[in-house]
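The next block holds one structure in the form of structure tokens; read it before the comments.
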Amino acid sequence: MTAYVIAAAMGVVGGFIAALAGVGGGIVFVPALALVLGLTQVVAEATSLLAIVPVAILGTWQQRRTGDVHLRDAVIIGLGSIATAVLAAFVADQLPQEVLRILFAVFMVLIAVRIWRGAERDAGDDRRQPSRIT
């Protein structure tokens with residue numbers, strides 16, 4: 001019973017973060033499933049992939065209502081994802097758990113660095129631009 005409550009809480013937090021920040025829920029779900037619920041890395045990743053489907057659909061629906069979705073870009077990204085998802089899942093299933101965990105951690109660090117640099121660049125751009133009141 002406790003695992004269900006923890007999983008539900010992770011869903012709430014992951015869904016909120018995914019919708020608020022535009023990040024995949026896997027950033028929250030995969031580490032939480034592996035560390036909190038004790039799932040293996042490959043099971044945590046596979047579970048996260050399935051769990052994010054309703055979050056992505058509902059988040060996209062809400063953002064589409066406000067006109068914030070670039071449908072053409074989403075379709076291109078989706079088709080590319082579909083084309084590689086089965087292959088990547090096969091590779092993930094074949095890798096040792098420790099290697100998969102390290103690859104996931106390295107990927108998260110690289111993403112964090114890219115976001116940080118982008119934020120610094122955007123902050124620098126904001127300081128150089130005069131503010132406009134419209």
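Across bins of 5 angstrom width beginning at 0, how are the C-alpha pair distances of the chain distributed, in whole percent? Taking every Cα pair in the chain, the percentages come to 2, 9, 14, 18, 18, 17, 11, 6, 3, 2, 1, 0.
Considering only VAL113, ILE6, HIS70, and ranking their Cα positions along the charge dipole of the chain that arises from unit charges at the beta-carbon of Lys, Arg, Asp and Glu, the one farthest toward the positive end is HIS70.
Given the rule -39500 (n - 2.57) for each run of at least 4 DSSP H residues, summed and divided by the residues of the chain, what is its mean residue ellipticity at 222 nm, to the nearest 500 deg cm²/dmol?
On the way: 5 runs with 111 residues, N = 134.
Taken over the chain, the calculation gives -29000 deg cm²/dmol.
Using only side-chain charges placed at the Cβ, +1 for Lys and Arg and -1 for Asp and Glu, the dipole size of the range 11-122 relative to its Cα centre rounds to 240 debye. The slack in the chain from ILE111 to ARG65, taken as 0.36 nm per residue of separation less the alpha-carbon distance, amounts to 13.7 nm. Using C-alpha pairs under 8 Å with a sequence gap of at least 6, the mean separation divided by the residue count of the range 9-61 gives a relative contact order of 33 percent.
Quick note: the coordinates plus some simple rules give every number you see, no bench work behind them. As the structure is a prediction and not an experimental result, all values here were calculated from the model. Note that we place each Cβ from the backbone using ideal geometry, even for glycine, and neighbour counts take in every protein chain shown.
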